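Every number in this text was worked out from the coordinates using simple rules, so none of it is lab data. Given the structure is predicted, the values throughout are model-derived calculations rather than measurements. Note: ideal-geometry Cβ built from the backbone for every residue, glycine included; neighbour counts use all protein chains shown.
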2 protein chains.
Amino acid sequence: MATVDSGIFVGPGALGAWAKNILIKVGVGDADAGVVADSLLAANLRGVDSHGITRMLGVYVKRLELGLMNPVSRFDIVRERAATALVDCHNGIGQLGARFAMEKTIEKAKRSGAAFVATAHSNHYGAAAYWAMMALEHGMIGFSSVNAPAAVAPAGGRQPMFGTNPFAVAVPAGRDIPFVLDMATTLVARGRVILHAKQNKPLEPGWAFDSLGRPTTDPQAALKGLLAPMGGYKGYGIAFAVDILSGVLTGSNFGRHFPGMLAENFETPTDVGGIFAAIDIESFMDRAEFAARMERAFAEVRGCAKANGVERIYTPGEIEHEKAGERARTGIPMPVEIHQEYVELGERLGVPFPKA
Amino acid sequence: MATVDSGIFVGPGALGAWAKNILIKVGVGDADAGVVADSLLAANLRGVDSHGITRMLGVYVKRLELGLMNPVSRFDIVRERAATALVDCHNGIGQLGARFAMEKTIEKAKRSGAAFVATAHSNHYGAAAYWAMMALEHGMIGFSSVNAPAAVAPAGGRQPMFGTNPFAVAVPAGRDIPFVLDMATTLVARGRVILHAKQNKPLEPGWAFDSLGRPTTDPQAALKGLLAPMGGYKGYGIAFAVDILSGVLTGSNFGRHFPGMLAENFETPTDVGGIFAAIDIESFMDRAEFAARMERAFAEVRGCAKANGVERIYTPGEIEHEKAGERARTGIPMPVEIHQEYVELGERLGVPFPKA
């Protein structure tokens, strides 16, 4: 989420093209590399740097070079019915499985009104919003979620058993910007705790537990311990539900069976599952009427009387939408360490990192 | 949720039969009255008294007698595709629309693998879990959600714009009890604040805001103000998403357009929408394999190392499941005021309330 303010900004077009060429150098096909780079760049543009090129590309390259993730995708539809499919991704790059699955979801929702597709044996797919938002241009409501290495204990526990298991919902809103909710089921993202650790800043109470399950505001203790699920047992329940659908139901990893955090485990594939759903709006209401109702709902929410000290009320996804406009102009900010790492990566692979 | 401890217990069979007969007296058909009574009784058995006979029946009777809710149900399928349907409930009792919709969902999921059905122009349908759990005996994962009169502000706001908008997910788990998550998107239920108000007990910090949007622990101020969404802006986003699917998409009420709380507004119909989904497990995995994986996931979660002072880790729905076993033996506890009210209601309608 947060960005270390280094003063280094890179143009989105140049950064995306560089990321694509780096992926090609480590064995990813041209079109596939473009899909992965675009999804990561979109996260950077929206201000979600935890899922952007500036955090994930180096991890992906390392996993591809170590043979922990297949650069060439192969998809098998293991089971299929009118409104469902299970896609075996054979340890390919998460974005490629997600795109395949969401395209399948949209195609099925066009025919059946709604559809639910799951991926098995896949990898980190970037920000969930990107896949849910694929539904928007088809006049559909999109949904996506994914499980992840364990960082959260069940209510009352002190061992990690669930990932941050994020999910996203995207809804078109006529001439307004879309509704885009993309959230981890923890109170705060792990990336935010990492940032506090780097800056030696205490956490806010309630964010995390130490390895004995005691509440802590020490970011180092939290990183060895647990993230708090949002709303206590409620977040635990949602994370568990996501794990069941993404992991248990797809034959992928679930619960405590993950080999460690993505950026820390470089020994085994992650083997995550993902879920994708779409609802064709016309199955329920004419698009124009729905658009008008969404525009009205948005106007009413933004017009809500404000609490003291609040200047503006945002619809879900509005901050990210505005951030994308801003960053298209300013470029993508880069922490100085990442910039240095990527300059070296570019030199090693013969794809010079673009000038800031 | 919580129950005032009056020492009065009524046998579930007798309570359910009484509720059914009361509903028949106010114009509900025999079979329909049985469905409504059973759904309310199930909530009482599971300890969810906020959605049980002991809280809701009196409200339903009043609304039926005032002509605010139709005792005789009529359902029109307004739009229908292979995996979707929109059901107009014509202001019928919420439970009857929910049952019709969930039966349709299951039937469609049997044919298409998964299905998504919505109800329009309906009423309070009891606990969401009851409808999600209908999927279980069909080897399916069930889901249900509903919007409700506004009690929650958007992040930064101080006017109610969203209901507690609960949702439920039910998953069969082989020989184990099912996974049943049923939760409001607020940090605590409104019923809990009402109970604190009755007992003059302060709220815990973070539960609620007063009418100016300031945090408060005063239950009276909270009842005139706002409930806090769980996880701050995350709960706001989820409540909004539920409102879009249940209200905006179905043509029912949404946002701030509700006429007031169910037990406070006796002037106009509530006009809520609901959503129902089912996923046939066999679309993704053989039932036996899924059952074995769920049993394993449950065993691992229950076996998680416990935080200090914690005796046991529960799977979602386990507490309610055990409560149902207990209350089947002890009977349903009744607050003394409700008992008195129901004795009088029984006298008025010629259906004597069962002896405790």
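Based on Cα atoms of the stretch A:50-175, Rg over Rh with Rh as the Kirkwood radius reads 1.01.
Largest first and in whole Å, the equivalent-ellipsoid semi-axes of the stretch A:225-356 read 35, 29, 19, each the square root of five times a Cα gyration tensor eigenvalue. Under a model in which nothing but the beta-carbon of Lys, Arg (+1) and Asp, Glu (-1) is charged, the stretch A:233-356 shows a dipole of about 380 debye around its Cα centre. Tell me, what is the FRET efficiency for A:N265 and B:E326 to the nearest 0.05, using R0 = 51 angstrom and their Cβ-Cβ distance as r? The computed FRET efficiency comes out at 0.70. Ordering B:R312, B:R111 from the fewest to the most neighbouring beta carbons within 10 Å gives B:R312, B:R111.
Loop sites here are GluC sites (Glu not before Pro) outside DSSP states H, G, I, E and B with no more than 15 other Cβ atoms within 10 Å. The longest part of chain B free of them is B:1-263. Based on the reciprocal of the average 1/r between different C-alpha atoms, the Kirkwood radius for the protein assembly as shown equals 26.1 Å. Size check on the stretch B:140-185: the Cα extents along the three principal axes, sorted descending, read 47, 15, 10 Å. Of all residues in chain A, the one whose Cβ lies closest to the rotation axis carrying A onto B, together with that distance in whole Å, is A:A83, 2.
Would you mind working out the magnitude of the charge dipole of the protein assembly as shown relative to its Cα centre, with +1 at each Lys and Arg C-beta and -1 at each Asp and Glu C-beta, to the nearest 20 Debye?
480 debye
Rg/Rh, computed from the Cα trace of the stretch B:280-348 with Rh as the Kirkwood radius, has the value 1.24.
The distance from the alpha carbon centre of the stretch A:169-210 to that of the stretch B:188-240 is 23 Å, rounded to a whole number. Can you pick out the pairs among B:K201/B:K224; A:K234/A:K306; A:K110/B:K108; B:K62/B:K201; B:K20/B:K62; A:K62/A:K224 whose Cα atoms lie more than 19 Å from each other? With Cα atoms farther than 19 Å apart: A:K234/A:K306; B:K62/B:K201; A:K62/A:K224. Evaluated with a Cβ-only charge set (Lys, Arg +1; Asp, Glu -1), the stretch A:165-267 carries a dipole of roughly 160 debye about its Cα centre, given to the nearest 20. Considering only A:I332, A:P316, A:A297, and ranking their Cα positions along the charge dipole of the stretch A:294-338 that arises from unit charges at the beta-carbon of Lys, Arg, Asp and Glu, the one farthest toward the positive end is A:A297. What does the charge count near B:R74 come to, summing +1 for each Lys or Arg and -1 for each Asp or Glu among other residues with Cβ under 12 Å from its Cβ? After counting each charged neighbour, the total is -3.
For B:L64, neighbours were defined as the other residues whose beta-carbon sits under 12 Å from its Cβ, and their charges (Lys and Arg +1, Asp and Glu -1) total +1. Of the residues B:L136, B:L66, B:A82, the one whose Cα sits farthest toward the positive end of the charge dipole of the protein assembly as shown, with +1 on the Cβ of Lys and Arg and -1 on the Cβ of Asp and Glu, is B:L66. The residues packed around A:A307, meaning those with a beta-carbon under 9 Å from its beta-carbon, carry a net charge of +3 if Lys and Arg are +1 and Asp and Glu are -1. Efficiency by 1/(1 + (r/R0)^6): what FRET value for A:E107 and A:R312, r their Cβ-Cβ distance, R0 = 41 Å, to the nearest 0.05? Efficiency at R0 = 41 Å is approximately 0.60.
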